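The values are calculated or read from the model by the stated rules, or taken from the named source; none is laboratory data. This is a predicted model, so every value here is computed, not measured. As a convention, Cβ positions derive from the backbone with ideal geometry for all residues, glycine included, and neighbour counts pool all protein chains shown.
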Amino acid sequence: MNKNSLTLTVVSNMTSNYSEGLGNIASVQKVFKNRKVYAIRSRESLKNAIMIQSGLYDDLQTEVDGATQKLANEDVNVSNCKALEGGYMSTKGSTYVRKSSFYLTDAISTESFVNETRFHNNLFLANNKAKELGVSVQEKPKDAGLMPYQYEYDKSLKVYSITIDLEMIGKDENFNKEADKKEKAERVNSILNAIKNLSLVVKGNLDNSEPVFIVGGLSERKTHYFENVVKVEEDKLDISEDLIQKVNNGYNVGLLRSKVFENEAEIIEKLSPKSIDRFFKDLMEEVSKYYGI
């Protein structure tokens, strides 16, 4: 079988994104599994961040025609519009559907959720308005626009996976058009570069969400190959026999040597990881080679 996909599983220190709020209270998104509640960053949030930071959304065009959707037609399609690489459905005239070239899982925290509530207000702005009105913010808080608010906060090690269908990149079967090999390689490597340097912003918090551990590479299977074997418990990576066996099937490991994991020495001994920079450099070269660049 040919290695025609790319699969990665990443451990990263990142905040969660937010779901519905109740009044002035915002709650992080969560998932229930193994009889516990875990904070997450949703796959949709991750995908949007990667599309933006990779530059794939630089040529995005939005069309409003009953529904708000990506513009896709004979002239603007996946072959010449990289923003459509994440999939589209166009319902203007004939309906066209093109699935995404890559898929993500939710980034799920490695520890069950513990509520940390943060309390804030807009006191400076309210004082500024009260001064303009010549009133006291304590006596007339509504007139001054004083608004206390609170939100749940979570920043923790999270695990997510991404799989890219290398055969699908740059192809649009709806219009029988295809990008050249160089463009395909650049699109995949821009996604990898975004993962390597991922930065997330939520509620005014800036995250360096780069991988602290990563495993994967080019694969014969279009699936999240390492999703079920990358586990972290109490800040220790579980180096199971299954993980070691999967790595030995032609994959690589990257580690940020920063003492994030308490068993860093064991990881180095048993998995022989590359640096994060070397991991991505080698993988990008493999992608270019796959496309004949």
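Observations, loosely collected:
- Test result for Thr105, in contact (Cβ under 8 Å) with a residue 60 or more places away in the chain and of a type in the set (Val, Ile, Thr): yes
Yes or no, residue by residue, for (1) under 23 Å from Val11 (Cα atoms); (2) modelled with pLDDT of 95 or more; (3) more than 17 Å from the chain's Cα centre (by Cα); (4) part of a loop (DSSP other than H, G, I, E, B):
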| residue | (1), (2), (3), (4) |
| --- | --- |
| Thr68 | no, no, yes, no |
| Asn73 | no, no, yes, yes |
| Val78 | no, yes, yes, yes |
| Met89 | no, no, yes, no |
| Lys92 | no, no, yes, yes |
| Glu111 | yes, no, yes, yes |
| Val114 | yes, no, yes, yes |
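- On the stretch given as the stretch 238-293, residues that are part of a strand (DSSP E or B) and either over 22 Å from Ile164 (Cα atoms) or small (Gly, Ala, Ser) (or both) total 1.
- Checking each residue in the stretch 225-237 for being farther than 19 Å from Asp106 by Cα and not in a strand (DSSP E or B) picks out Glu234, Asp235.
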